[in-house]
Each structure stands twice: as C-alpha cells, then as structure tokens.
Amino acid sequence: MTNFDDSNLILRSFDPIADSESKVLILGTMPGAESLRKRQYYAHPRNLFWPLIYGIFDENPDADYNKKIDFLRSKKIALWDVYKSCRRKGSLDSNICDEIPNDVAGLLNAYPNIKYVFCNGETSEKHFRRHVLPEIKREIYFLRLPSTSPANASVPPEEKMRMWRYIRHTLENRVKYKSVAKTEIGEIIVLADDRVVTGVFLPGSEPETDGFALFSGNRISELAKNQIEEYFKGKIRSFDIPFEIRGTNFEKNVYNALLKVPYGCTVTYRELAEMAGNKHAARAVGQALKKNPLPLIIPCHRVIGSKGRYVGFMGIGGNPLQKMLIELEAEYSGKYSFAESAD
C-alpha cells in the first residue's frame, strides 16, 4: 500500500468537479492522506465537509461517494484544490512544501457561471487571494470559511454550520456586498446588492447579516463608499448612486420629501410631516426616520426639533453624530441656520 505520509513522495490532487451549471466553487488546499488513499474528496471520517454540505440543505449525507458527487452537481457546486502536487508529511497544510498550483484561474475563466468562490480554510484563501485573483479576467467574489479539517477544533461545529450556510444563501441569490468608508466620524458600512445600495450604517450601528452571504464590496457599494468619503471632505453635496426607497407609503413619502431638503439646511419634524402630506404626523415622521436604511443618502440628520434641538437622530436623543453632520455641512455651505418653526 502506498505510504501517503512519506514526505519524499510527490502527492497529486484530483481533477475538478465542475460543469457549465456550476455557480459556486469550493476550493480546498490538497487532499489529505485518507482522501488520497481512497481517491475521494474529503474521505477522512472526521472531516466535516460532507456533513456540512448536506447539512446546509437540511439533508443527511449519502454513504456512496458517487451520490455525493451527484449531490454537488445538483446543487450547482464545483469542487477543487489550489495545489496540483506537493510534498507533505501527514495531512496538515502547514507541512506542505514544493507545491505546484492548479490552474484555478483557468477553471474560473472556462466556467463563467461561477461568480463566487468559498475557500475551505486559511491556506486556500491565502493562495487564492495572492495567486488566483490577479489572473481572473472577470468579476469574482470570495469568502474564507472555517476549515472542515478535524485539525481545526477551535471553531465550534455550530459556528462552522452557520458560516458554511453562506453557500446556500449564495445559491439562493441571497447575497450582499460590503464596503467601508473611512471618515472623520468613524467607519461607515455600506451594503449593496447587484442593483442598488441597500443599507448605510453609521458608527454605533451594525448590519444584521443573518439570512444572506456577505462578500467584499462590489461596484455599487464601492461607488457609495467613495462618495461618502468625498461628502465628508466637502467635495460633493449630494449622492449619485443607485438606491431604492422602501417602506410603507407614508415612509416613502417622508423619505422622498427629505431628499428635497438642501445640503446645509434643516427642517423640523412638523415641516417634514407637512411636506410628506400630513402636517399632524410629526411623531410618525420620527418613527419613519428611525427606520431609515440609508442615512446620509436619505439625509435624516437634517431633521431637528423646535428651535434647533437635536431630538432623536438614529433613535438616540442628543446623538452627537447629528451635530457633527450638521456642522460639517454648515462649514462647507457657509449658509446654515436653524429652522425657527415649532414642532
């Protein structure tokens, strides 16, 4: 029997599992000793790959290896490793030497339906980032998932399942992209989908990521991030990015009215309620502004209480961020003054 623990032996990985229907690629490093002996991906009985892959779809793994491969294909999942060959003592990635890479970029260029790559562990992700991404000729997004190796015992199984479920979210088109703007008030997180900006999160607020896979920024989120940074430098006074106004009819009316409030100016809750079609709905305006998913873009910081009071920006009375934003616009506009009408 071949000794796959012999560090003098050149180990060779398997052919990729991929076809024209594949939508995501799971990228490992190099098959372990048990996998090489059986000529099967993830054959070690304590490797969590197959339990996780089936588990994210709420199914139990098949015992037959061919059925496992059929399951991957049915879910539009491709599978490969970053290394074509190497020398390695045992199965740990840290023992790999004299490695020769697989042509992962070539695979991705050959299968254009694959837009997302999930790296099974740190070594795979480092190789992909450094050596594969620069060679890809189209838009690709990737995430590192916790390794399924039995050697990776520091991450609890339930956390691995939560993160590996990103694969299912992606296959079901539940995907968002994250960019981070660096500003004088702190980091501002921007989320987008393939069409529009879906959320802006000022310091003190965090996005809820359950239910979708979160990748690094796309063209839309990066555009929003760049414009937000320009806004804080006084280079722009409005945003030219795709977004949708969502909510109840009243909330939409409030947000549309708010978009008409000029840079460097403010309105009271009552004034905004009147602009939205109901001058007696000042309190409801406040509730709508708390739910505003796109602060800055829909400038709820320009809404103040009577005589210039900071009432409840982001649901926080006297929130210092509101004062900072109003003073920022005052500095660059040179014409700001508080509204005088009562709530």
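Among the criteria (1) modelled with pLDDT under 95; (2) open to solvent by less than 20 Å² (accessible area, probe 1.4 Å), the one residue 157 does not fulfil is (2). Scanning segment 104-123 for residues that are more than 18 Å from residue 23 (Cα to Cα) and charged (D, E, K, R) turns up just one, 122. Residue 133 satisfies every condition listed in (1) open to solvent by 40 Å² or more (accessible area, probe 1.4 Å); (2) under 27 Å from residue 74 (Cα atoms); (3) touching a Gly at 6+ places or on another chain (Cβ under 9 Å); (4) not β-branched (Val, Ile, Thr) except (3). In segment 170-196, the qualifying residues are those that are open to solvent by less than 20 Å² (accessible area, probe 1.4 Å) and free of Cβ contacts under 8 Å to residues at least 40 places away in the same chain, and the one that is farthest from residue 114 (Cα to Cα) is 189. Restricting the first member to segment 199-228 and to residues that are of a type in the set (Asp, Glu), and the second to residues that are assigned to a strand (DSSP E or B), the beta-carbon pairs closer than 7 Å and six or more apart or on different chains are 222/179. The one condition from (1) in a loop (DSSP other than H, G, I, E, B); (2) open to solvent by less than 20 Å² (accessible area, probe 1.4 Å); (3) out of contact with any helix residue (DSSP H, G or I) (no Cβ under 9 Å at 6 or more places or on another chain) that residue 148 does not meet is (3).
Only one of the numbered conditions (1) open to solvent by less than 60 Å² (accessible area, probe 1.4 Å); (2) at pLDDT below 95; (3) over 14 Å from residue 200 (Cα atoms) is not met by residue 309, and that is (1).
Here residue 93 meets the list (1) open to solvent by 80 Å² or more (accessible area, probe 1.4 Å); (2) in contact (Cβ under 8 Å) with a residue 60 or more places away in the chain; (3) not polar (S, T, N, Q) almost entirely, failing just condition (1).
Selection of segment 73-114 for residues being closer than 19 Å to residue 169 by Cα and in contact with a strand residue (DSSP E or B) (Cβ under 6 Å, 6 or more places away or on another chain) yields 77, 78, 79, 114. The number of residues in segment 322-336 being open to solvent by less than 80 Å² (accessible area, probe 1.4 Å) and modelled with pLDDT under 90 comes to 3.
Scanning segment 29-79 for residues that are farther than 21 Å from residue 102 by Cα, exposed (fewer than 15 other Cβ atoms within 10 Å of the Cβ) and free of Cβ contacts under 8 Å to residues at least 60 places away in the same chain yields 45, 58, 59, 60, 62, 63, 64, 66, 67, 70, 74. Selection of segment 270-288 for residues being surrounded by fewer than 20 Cβ atoms within 10 Å (Cβ to Cβ) and not in a helix (DSSP H, G or I) yields 277, 278, 279, 280. Looking only at segment 197-209, residues that are open to solvent by 10 Å² or more (accessible area, probe 1.4 Å) and closer than 21 Å to residue 313 by Cα come to 8 in all.
When segment 96-124 is limited to residues that are farther than 16 Å from residue 14 by Cα and among the hydroxyl-bearing types (Ser, Thr, Tyr), the one that is least open to solvent (accessible area, probe 1.4 Å) turns out to be 116. The set of residues in segment 86-112 that are closer than 20 Å to residue 25 by Cβ, polar (S, T, N, Q) and more than 25 Å from the chain's Cα centre (by Cα) contains only 102. On the stretch given as segment 140-155, residues that are more than 15 Å from residue 29 (Cα to Cα), of a type outside the set (A, V, I, L, M, F, W, C) and touching a Lys or Arg at 6+ places or on another chain (Cβ under 7 Å) total 1. With the condition kept exactly as written, say whether any residue in segment 244-253 is under 22 Å from residue 326 (Cβ atoms), touching a helix residue (DSSP H, G or I) at 6+ places or on another chain (Cβ under 8 Å) and surrounded by 18 or more Cβ atoms within 10 Å (Cβ to Cβ). No, because not a single residue in segment 244-253 is under 22 Å from residue 326 (Cβ atoms), touching a helix residue (DSSP H, G or I) at 6+ places or on another chain (Cβ under 8 Å) and surrounded by 18 or more Cβ atoms within 10 Å (Cβ to Cβ). Being of a type in the set (Phe, Trp, Tyr) and either in contact with a His (Cβ under 9 Å, 6 or more places away or on another chain) or more than 24 Å from residue 184 (Cα to Cα) (or both) is a property that does not hold for residue 263.
The values are calculated or read from the model by the stated rules, or taken from the named source; none is laboratory data. On a predicted model such as this, the values are computed, not experimentally measured, just so you know. So basically every Cβ, Gly included, is an ideal-geometry build from the backbone, and we count neighbours across all protein chains shown. The protein model used for the area step is the full one, side chains on, heavy atoms only, and it has no ligands, DNA or RNA in it. Shrake-Rupley method; radii C 1.70, N 1.55, O 1.52, S 1.80 Å.
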